[in-house]
Structure formats: structure tokens, C-alpha cells
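The values are calculated or read from the model by the stated rules, or taken from the named source; none is laboratory data. Fair warning: this is a prediction, and the values are worked out from it, not measured in the lab. FYI the Cβ positions are ideal-geometry reconstructions off the backbone, even for glycines, and counts take in every protein chain you see. Just the protein is used for accessible areas: all its heavy atoms, side chains included, with ligands, DNA and RNA removed. Shrake-Rupley method; radii C 1.70, N 1.55, O 1.52, S 1.80 Å.
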Amino acid sequence: MKKILVIAMLLLSAIVSINGQELIKYQVAQYPDGKEELTKIVARELRISKKLFNAMIKENVQQVTATVGLIVNSKGKVVAIEILQASHPLMDESSFPRIEKSLKEKTFIPGSINGEPTATTIIVKDVMAAIVPQ
């Protein structure tokens with residue numbers, strides 16, 4: 001999984017020069033209903049574990065955020081998720097236990113290199129969970 005992420009992240013440069021002549025055109029995968037809708041789906045699937053909740057209480061942390069990478073294959077299907085950055089070390093892939101299932105039936109517009117479908121990563125930033133006092 002890490003290998004796929006590294007390959008996908010290396011492809012994130014939009015235009016690369018080869019021998020100073022040929023340009024490679026790169027397009028990241030897209031969710032047909034837009035980035036905003038995708039962010040809503042990812043946020044709905046966030047679950048704070050009991051361990052993270054207890055740590056937040058102990059550390060007096062009211063909210064946690066994460067940047068999530070969705071790896072989309074060349075057929076437009078999500079094949080893995082990675083937490084690329086999190087505001088708390090206990091906020092990891094286990095915080096999104098059902099995300100792959102939620103996105104399994106969804107079809108994305110695959111990324112491409114020079115018009116050929118390829119695996120890419122869609123980055124969803126600032127997915128947040130908060131503890132709200134009652």
C-alpha cells in the first residue's frame with residue numbers, strides 16, 4: 001500500500017519535462033459529484049476511537065483533523081486510503097473504518113498520464129472531528 005502511495009505521490013507533478021522536449025500531461029482522478037461532496041462522504045465516515053477520545057480528553061484537545069489520501073486505480077475505483085497528515089498521532093486509518101466500503105460502489109473519473117488512465121491519489125484535506133461540550 002505504501003508503495004502505491006509513493007508512486008501516486010510522485011506522479012502529482014502536473015507537467016514534467018523529458019529531455020527538455022516532450023511534456024507529460026498529468027490529470028489527477030476526480031469524483032464526479034465534486035470535491036465538496038467527496039469531502040462530505042469522507043467526513044461522515046470518521047469515527048473517533050475510544051483510545052483517541054480518551055487521549056483528547058486527557059490532553060484537553062477539542063478537535064482533530066486529518067488529510068486523507070484516496071488511492072484510485074485506473075478503472076476509477078478506490079483501492080486504499082492513507083492518512084497523509086493528522087493533528088493527533090492516534091488519528092489514523094482506523095478512524096475511517098468504513099470509508100472503503102462507502103466508496104466501493106462509487107466510480108471516479110480515473111487520473112491519466114497523456115490521456116491514458118492511471119492510478120492516482122485524491123487528497124481530501126481538513127477532515128475534522130470535534131468533542132462538543134453538552
For the stretch 37-64: of the residues being closer than 21 Å to Lys77 by Cβ and among the acidic types (Asp, Glu), which is surrounded by the most Cβ atoms within 10 Å (Cβ to Cβ)? Glu45
Could you check Ile99 against (1) in contact with a Phe, Trp or Tyr (Cβ under 6 Å, 6 or more places away or on another chain); (2) under 20 Å from Leu52 (Cα atoms) and say which number it fails? (1)
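Would you pick out the residues in the stretch 82-94 that are closer than 15 Å to Glu45 by Cα and open to solvent by 10 Å² or more (accessible area, probe 1.4 Å)?
Ile83, Asp92, Glu93, Ser94
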Please determine, by comparing only the residues of the stretch 65-81 that are open to solvent by 60 Å² or more (accessible area, probe 1.4 Å) and part of a loop (DSSP other than H, G, I, E, B), which one is farthest from Glu36 (Cα to Cα). Lys75
Scope the stretch 26-36; condition surrounded by 14 or more Cβ atoms within 10 Å (Cβ to Cβ) and not β-branched (Val, Ile, Thr); matching residues: Tyr26, Gln27, Ala29, Gln30, Tyr31
Filtering the stretch 95-134 for residues that are open to solvent by 80 Å² or more (accessible area, probe 1.4 Å), outside any loop (DSSP other than H, G, I, E, B) and aliphatic (A, V, I, L, M) leaves a count of 2
